[in-house]
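Take a look at the structure below.
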C-alpha cells in the first residue's frame, strides 16, 4: 500500500491495541514537546523580540496577542472539529492535514528576518494552530489504546517520552543558539526552525503509520457530518452545564492551565529580563524544565493509578502553587534553575494527568468530542496566560510583578478541585 494511503485510509479494527501502537502513539508527544519547547518556549519569542522587532517597543505585547489569537481560535474550533471527527471516523486524515500545516509553517519561519513582523507572526500562528489541532486529535486516541486502569500510566509515559524529545531537541540546537540572539547569529537561529520542522515531522510519523483508525462513522458526506457535529456539540455543551464533574474539572483545568502557560510561555524571556540569563544560559533553563518534566510525567502517571485522579491533580497543583513562590522570590541563577526543574516536574505531570482524566470522563464513541473540549479550555488558557503577562508587563513596566497573577489561578483551581466529585469510584479518592 502506498504511504499516503497507509496514513490516510481507515484501517481494520484490531481485537485489542498492540504494544507497538502504544509506542507509536507515544512518539507524537515527542514531536509535540519538541515543537512547543523550541518554538513557543525558547526560540521564536526571543528571536521575535530581539531580531525581528529590534527597533520596536511593543514586541512582548504583539507576541502575547499572537499567542492569544491562535490559541483562542483553536479552542473555539476544537470541539466542533472533535465532533466532526467522531461522526466521520476520519481522525487520521484530519490529523495528517494539521501535522503537515505545522511542518510547512515552522519551516517557513527560517525565511523571516529583521522587520518581517507580520509575516513571521502569521507563520508562527499557522504552525501553532496546526500543532494544537494535531495535539488534540492525537490525545483522543488515548482511551482507545488504554483501559481505565492503565490510562494514567500510558499518558504519563508518553509525556515522559515527550520531555525526552524536548531535552534532546534543546541539546541539538544548543550549538546554533549558544552565540546568542544577535543579528550576527541570526542565520544560525533560522536553521533552528528547519531543524524543528524535521524533528516534528519525524516524531509524528509513527502515529500516522501504525496507530489504527477505530472510529465508526455515522455520516459519510461532509454536509451531513457537519450538521450532525453541530447537534452533538450542542448536546456536549449542555452536559458541561448540567454535570458537576465536567463543570468543576474544566473550570479548574482552565485556571491552572492559564497559570502554567503564563510561566512556561514567558519563562525564557522572564529569565533573561529578570534573572539576567544570557548566551547559552536559557538553554540550561529549558534543559532543567525538560528533565523535571520527564521525571514528573513518569512518577505521577504511576501515582495517579495508585492514588486516583483527583488527589493526584490536587498534589500537582499544590506543587505549582508552592513552586511559584520560589519562582517569584529567587534571584540567583542556580536557584532559579532548581525552581524551574520543580515546575517542569509539575508541568509534565499536569498535562499527562489532565489528559488521562478527560479520557476517563469521555463516553465511548465521543472521545474526539470530549478532547475537543479539552482543547477548547486548554487553548484559551494557553493564549490567556501570555496575553495577560504581556498586558501586565506593558502596564506595570515589569517582568516580575505579573507573575503574582499565577498564584491566584493556582489557588482558585485548588479550591475547585477540592469540590470535585469522585472521578474513579473503584480507586481511592
Problem - Kirkwood estimate for the chain, i.e. one over the average of 1/r between Cα atoms, Å - result: 21.5 Å
Handout entry: Fluctuation leader among 89, 296, 359 - the chain, Gaussian network, Cα springs under 10 angstrom
Key = 89
Handout entry: Segment residue 55-residue 20, length gained on full extension (0.36 nm per residue, minus Cα span)
Key = 7.5 nm
Problem - Mean ellipticity per residue at 222 nm, deg cm²/dmol - from DSSP H runs of n ≥ 4 across the chain, formula -39500 (n - 2.57) - result: -26000 deg cm²/dmol
Handout entry: Estimated translational D of region 300-425 in µm²/s (Stokes, Kirkwood radius over Cα pairs; 20 °C; 1.002 mPa s)
Key = 133 µm²/s
Problem - Rel. contact order, % - alpha carbon contacts under 8 angstrom, at least six apart, the chain - result: 30 percent
Problem - Approximate shape of region 124-221 as ellipsoid semi-axes (Cα gyration tensor, √5λ), whole Å, largest first - result: 34, 18, 10
Practice task
Please report, in Å, the Rg and the Dmax of region 245-338, where both are computed over Cα atoms only.
Solution key: 15.0, 47
Problem - Distance from region 58-89 to region 155-200 (C-alpha centre basis), Å - result: 24 Å
Handout entry: Stretchable slack from residue 76 to residue 335, in nm (0.36 nm times residue separation minus alpha-carbon distance)
Key = 89.3 nm
Practice task
Sort the following peptides by mean Cβ neighbour count (other Cβ atoms within 10 Å, averaged over residues), highest first: 171-182, 153-164.
Solution key: 153-164, 171-182
Problem - Backbone N within region 32-74 under 16 Å of label point (7 Å from residue 119 Cα along the Cβ vector) - result: 48, 51-54
Handout entry: By average C-beta atoms within 10 angstrom, highest first, the peptides 284-294, 303-313, 184-194
Key = 284-294, 303-313, 184-194
Fill in the blank from the handout: Against the 2.2 N^0.38 Å rule of thumb, the C-alpha Rg of region 120-163 sits at a ratio of 1.49
Handout entry: Over region 18-126: Kirkwood hydrodynamic radius from C-alpha pairwise inverse distances, Å
Key = 15.7 Å
Fill in the blank from the handout: Under a Gaussian network model of the chain whose springs join Cα atoms within less than 10 Å, the largest fluctuation of 86, 116, 29 belongs to 116
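Values in this text are rule-based calculations from the coordinates and carry no lab data. All of these numbers come straight from a predicted model, not from anything done at the bench. Because the Cβ atoms are built from the backbone with ideal geometry, glycine has one as well, and the counts that use them run over all protein chains shown.
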